[in-house]
Amino acid sequence: MQVRRPVTRGFCAQLPANKQACNIENNYKKKPVIADGAAVVPERKVIRNPPQKEVVVVKPKPETVVIEICLDAEEANMEKRGTQESSGKDVHNSSSVLSASSKVACGSADVAKKGQIVDIDAGDVGNQLAAVEYVKDLYKFYKLAESSIQIHDYMNSQNQINENMRMILVDWLVEVHYVFKLSPETLYLAIQIIDRYLSAHLVQRKELQLVGITSMLLASKYEEIWAPTVNDLVSISERAYSKEHILGMEKSILAKLGWSLTGPTPYVFLVRFIKAAMADKEMENMAFFLTELGLMQYEMVKFSPSMLAASAVYAARCTLNKTPLWDETLDLHTGFCESQILDCAKQLVSFHSRSAEVKPNSVYRKYSASELCSVALLAPAKML
């Protein structure tokens, strides 16, 4: 009978080799021997690789890491001054960009008094959202595009609605816009959609409010990040229309407009012209107040969006007694001279003089608030 060897024989045969490896490892772990107060490390036998050329590595000097910390306004100014004094370089951040814009605006006002054309975009060179490289071409395109959406006189073709009904509708939409805290672009676009639809389609009297609320819905979807829901609009119209009515009117408006909602409104031009006028907050609110008064009146439909905006800026400067009333910078950026906008500006001032008495007057109440500088309470421009 053949005797089989244990299966552990192969494993036990490896023990001498493992023991030798353990001895080498223990030699490294031996503690130093203290002799005459000095530590003596036992000599170790280490198998070394063949000698190689020594490579000298030069470590780079550590770079200074700057960490931005949000500070209070006063501390941030102290920190900014200290950094600029130490480094001698400009610090580009949002605060410095705004400060630069303010300094340029202040300096531009002095230059404007001398009758020179001011570079109104100089303070926004570092602001990517300002699109300084393209802004002039953009407004050239807006000027060309506004002629394609110019509203013609359509009220004579409407047999069930009139100018007063349209004014009441726009006044109500101003309140709706204020309640939902929507952006200004939404209000201007909604009114433009209403006029474009009414100029292309006969509307019954009972459907006029439906056209208005649906136009506000379309403008909100176009301009807002969070648009009001259809149910919100049903509620604010006191359930005069159902959800199906609004959705059906939405399809009708889009079909008549060819699904094209892109067009320059007076707001697009107004923000540019206010910048060209180097306006303060009071003048800015006055220009918006006069423009919204003009949006309510059907007789102002005949004016192009750019002319309405330029006239509002001119009327605002007249109301606040700004000097000069019109200069070369405004003439360049608006494309209108003073004589061209005089008639439109006079009509805006006349609307201002009657705004407290004429009903409805949501625009007057809106701009009577202190947060909008109470510009509606100021006396109209007597010179116009």
> Among rounded, prolate and oblate, which fits segment 239-359 when a ≥ b ≥ c are the square roots of the eigenvalues of its C-alpha gyration tensor, a/c under 1.5 means rounded, and a/b larger than b/c means prolate?
Replying inline: prolate
> What order, most packed first, do the peptides 176-187, 124-135 have when packing is the mean number of other Cβ atoms within 10 Å of each residue?
Replying inline: 176-187, 124-135
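For the ranges 158-170, 138-150, what's the packing order if you count other beta-carbon atoms within 10 Å of each residue, average per peptide, and put the highest first?
Most protected by this proxy first, the peptides run 158-170, 138-150.
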> Could you give the length gained on full extension between residue 222 and residue 244, defined as 0.36 nm per residue of separation minus the Cα-Cα distance, in nm?
Replying inline: 5.9 nm
>> As a quick test, which of the pairs 322/346; 256/281; 281/346 have an alpha carbon distance above 28 angstrom in this structure?
In response: 256/281
> Residue-wise, which Karplus ³J(HN,Hα) couplings in Hz belong to segment 331-336, taking 6.51 cos²θ - 1.76 cosθ + 1.60, θ = phi - 60°, and x for glycine or proline?
Replying inline: 4, 5, 7, 8, x, 10
> For residue 374, which sequence-distant residues (separation of 5 or more, or a different chain) have an amide H within less than 5 Å of its own amide H, given hydrogens modelled in the peptide plane?
Replying inline: 369
> So how do 242-253, 284-295, 264-275 stack up, highest first, on mean other-Cβ count within 10 Å?
Replying inline: 284-295, 264-275, 242-253
> Carbon-plus-sulfur fraction of the accessible area of segment 151-257, 1.4 Å probe, in percent?
Replying inline: 52 percent
> What is the ratio of the Cα radius of gyration of segment 151-257 to 2.2 N^0.38 Å, where N is its residue count, to two decimals?
Replying inline: 0.99
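Can you give the FRET efficiency for residue 143 and residue 323, using 1/(1 + (r/R0)^6), R0 = 22 Å, r = Cβ-Cβ distance, to the nearest 0.05?
Calculated value: 0.20.
The values are calculated or read from the model by the stated rules, or taken from the named source; none is laboratory data. Here the structure is a predicted model, which is why all the values come from computation and not from measurement. With ideal geometry, Cβ positions are generated from the backbone for all residues, glycine too; neighbour counts draw on all protein chains shown. Areas reflect the complete protein model, heavy atoms only, side chains present, ligands, DNA and RNA absent. Shrake-Rupley method; radii C 1.70, N 1.55, O 1.52, S 1.80 Å.
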